[in-house]
1. Tell me which residues, restricted to segment 22-43, are in contact with a helix residue (DSSP H, G or I) (Cβ under 8 Å, 6 or more places away or on another chain) and either at pLDDT below 75 or within 28 Å of Pro249 (Cα to Cα) (or both).
2. So which of Gly185, Gly189 ends up being outside any loop (DSSP other than H, G, I, E, B), touching a Leu at 6+ places or on another chain (Cβ under 7 Å) and touching a residue at least 40 places away in the same chain (Cβ under 8 Å)?
3. Examine segment 19-36 for a residue that is under 30 Å from Tyr330 (Cβ atoms) and either not hydrophobic (A, V, I, L, M, F, W, C) or not in a loop (DSSP other than H, G, I, E, B) (or both), and state whether such a residue exists.
4. Would you say Asn355 is polar (S, T, N, Q) and under 22 Å from Ile250 (Cβ atoms)?
5. Looking only at segment 235-266, count every residue that is touching a strand residue (DSSP E or B) at 6+ places or on another chain (Cβ under 9 Å), part of a loop (DSSP other than H, G, I, E, B), of a type outside the set (A, V, I, L, M) and over 20 Å from Cys310 (Cα atoms) and tell me the total.
6. Which of the residues spanning segment 302-312 are surrounded by 15 or more Cβ atoms within 10 Å (Cβ to Cβ) and within 19 Å of Phe350 (Cβ to Cβ)?
7. Go through the residues of segment 74-89 one by one and say whether even a single one is charged (D, E, K, R), assigned to a strand (DSSP E or B) and over 17 Å from Ile184 (Cα atoms).
8. Considering only residues that are aromatic (Phe, Trp, Tyr) and either out of contact with any Pro (no Cβ under 7 Å at 6 or more places or on another chain) or surrounded by fewer than 21 Cβ atoms within 10 Å (Cβ to Cβ) (or both), which ones fall in segment 166-206?
Amino acid sequence: MNVFTQVFGVALNFLMIPFNPSAPPMPYIVSETTCRITNFKFGENEMKVSLAPRGYCPNCCPVKSGVDVRFVLYTKSTPDRGAIIAPSPGAARRAGVDPLAPTVIYIHGFSEPSPGKSGRGIAHAYLSRRDNFNVILLDWSDLSTFPWYLPAVRNVKIVAEKLRKFLEVFNDSGEIPLGNVHLIGFSLGSHIAGFAGKQLRRGLRIPRITALDPAFPEYSLNDASRRLTRTDADYIDVIHTDAGVLGLPISVGHADFYPNGGRALQPGCQPSYLVQLRLVDQIFACSHVRAWRLYAESVMHPEAFPATKCQIWRGPNRKCNFTSDALMGYANNNRSQGQFYLITGFKAPFAKTANQQMTE
C-alpha cells in the first residue's frame, strides 16, 4: 500500500467518526440542509456533494427506497431521454426493453452523477453501434456522494441487492433474459456487479462482468468474499489503469488487462501535461477514469486494443515478442484467460495497433 492510499484512508476515517455504525446518535447532524444533495461541476469533472451521507448508520441521512437506486433505460430511439424501469414484471417491456437484444447494465463509481460523464460515454458508444442494445444505467448517485467514500462502500451491498432483485425479476418474466446481460462496473461499480453475482439465487449466473479499474481503498486483497472475484460471473474481464492507488493492485478476473502497466500515471495524465492543456481539474483521478474511456473507445472500435501476454517486449531487457493474444474491451473473447499487456496513446483516440506497439 503506497503513501497516497495510507493518507487517503486516514483522512476518510477521521471524517467518518460521526457516521460510524457504532457512533452515538447526534440528532442535530441530520437535517434538510445536511441531507440536501448538490450537483457540483469543476472544470470537466462532475460530482454529487452532500454535507452528510445517506445510509444505515445512526447519523446518516435516511435511504429513500425506490428513489436512491434507479435503473434507467436508453435505446436508439431514446438516446437522450431515459426511461425508469421499476423492478416489477411488465415494467421493462413498458419502458421499451427489447427482450431479444443484448442488455448492458452500466454501474458508475463514487461521487458521479447519473448520467455522468462515464455513463454518457458508455451509453453513447453502445447506441452508436449498428446492432441493437438495451443500455441501462444503474443510478446510485445519491448513495455515493462526495466526500463520503466509506458510507458509499457500505452502500455497495445495498445497491447490489437491488441489482440482484432486478436481474431475477426480469429474467423470470422473460423481459431481460439473464443470458443476454452484460454488467459493466467502474470503480465501486465493479464491486456492485460482483456482489450481485454472489447474491443471485442458486442456478442463475451472470454471463459476463467487465470491471473497469475496480476500487481498491477499503477492499480486501486476501478475502475474495469482500470484493469482486472471478467466481462472481461465468466470465470476468478487468481493465487496470490505476492499480495500487484508486484501483485494485491484483488480478481478480479471468482476463486482466494492464494498459501501460496498469498503473498511474497513464499517458497524458502527467500533471505538467494537464496544466499545459488547462485541464488541471483532471489531475487527481485521471489514471482511474482512463479505464472507462478506453472501454468506451473499444465499443466503437472493437479491434482497436490488441494485447499480449508478453509483459516486456521492448528495450534492452526484452524477454519475449509482442503477439496479439487478446483484444481488450468490448471484443474480448470469453476464451481469453490470464494477464495481458498493451500500450496506448496519451489522448483519444487512445488505440495503437499491434505494429505500433511493437515498433515504438
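The values are calculated or read from the model by the stated rules, or taken from the named source; none is laboratory data. What you are looking at is a predicted structure, and each value in this text was computed from that prediction instead of being measured. Methodologically, a virtual Cβ is constructed for each residue, glycine included, from the backbone with ideal geometry; neighbour enumeration extends over all protein chains shown.
1. Listed by number, the residues that qualify are Phe42, Gly43.
2. Result of the check over Gly185, Gly189: Gly185.
3. No: zero hits.
4. No; evaluated as a whole, the condition is false for this residue.
5. So in segment 235-266, the residues touching a strand residue (DSSP E or B) at 6+ places or on another chain (Cβ under 9 Å) come out as 235-241, 243, 246-264, 266.
Remaining after also requiring part of a loop (DSSP other than H, G, I, E, B): 240-241, 246, 248-254, 263-264, 266.
Okay, now just the ones that are also of a type outside the set (A, V, I, L, M), so 240-241, 249, 251, 253-254, 263, 266.
Cutting the leftovers down to over 20 Å from Cys310 (Cα atoms) gives us none.
Summing the residues that are touching a strand residue (DSSP E or B) at 6+ places or on another chain (Cβ under 9 Å), part of a loop (DSSP other than H, G, I, E, B), of a type outside the set (A, V, I, L, M) and over 20 Å from Cys310 (Cα atoms) in segment 235-266 gives 0.
6. Within segment 302-312, Ala304, Phe305, Pro306, Ala307, Thr308 qualify.
7. Our first condition is that a residue be charged (D, E, K, R); within segment 74-89, this holds for 76, 80-81.
Adding the requirement that they be assigned to a strand (DSSP E or B) leaves 80-81.
Subsequent filtering for residues that are over 17 Å from Ile184 (Cα atoms) retains 80-81.
Yes, segment 74-89 contains at least one residue that is charged (D, E, K, R), assigned to a strand (DSSP E or B) and over 17 Å from Ile184 (Cα atoms).
8. Answer for segment 166-206, where residues must be aromatic (Phe, Trp, Tyr) and either out of contact with any Pro (no Cβ under 7 Å at 6 or more places or on another chain) or surrounded by fewer than 21 Cβ atoms within 10 Å (Cβ to Cβ) (or both): Phe170, Phe186, Phe195.
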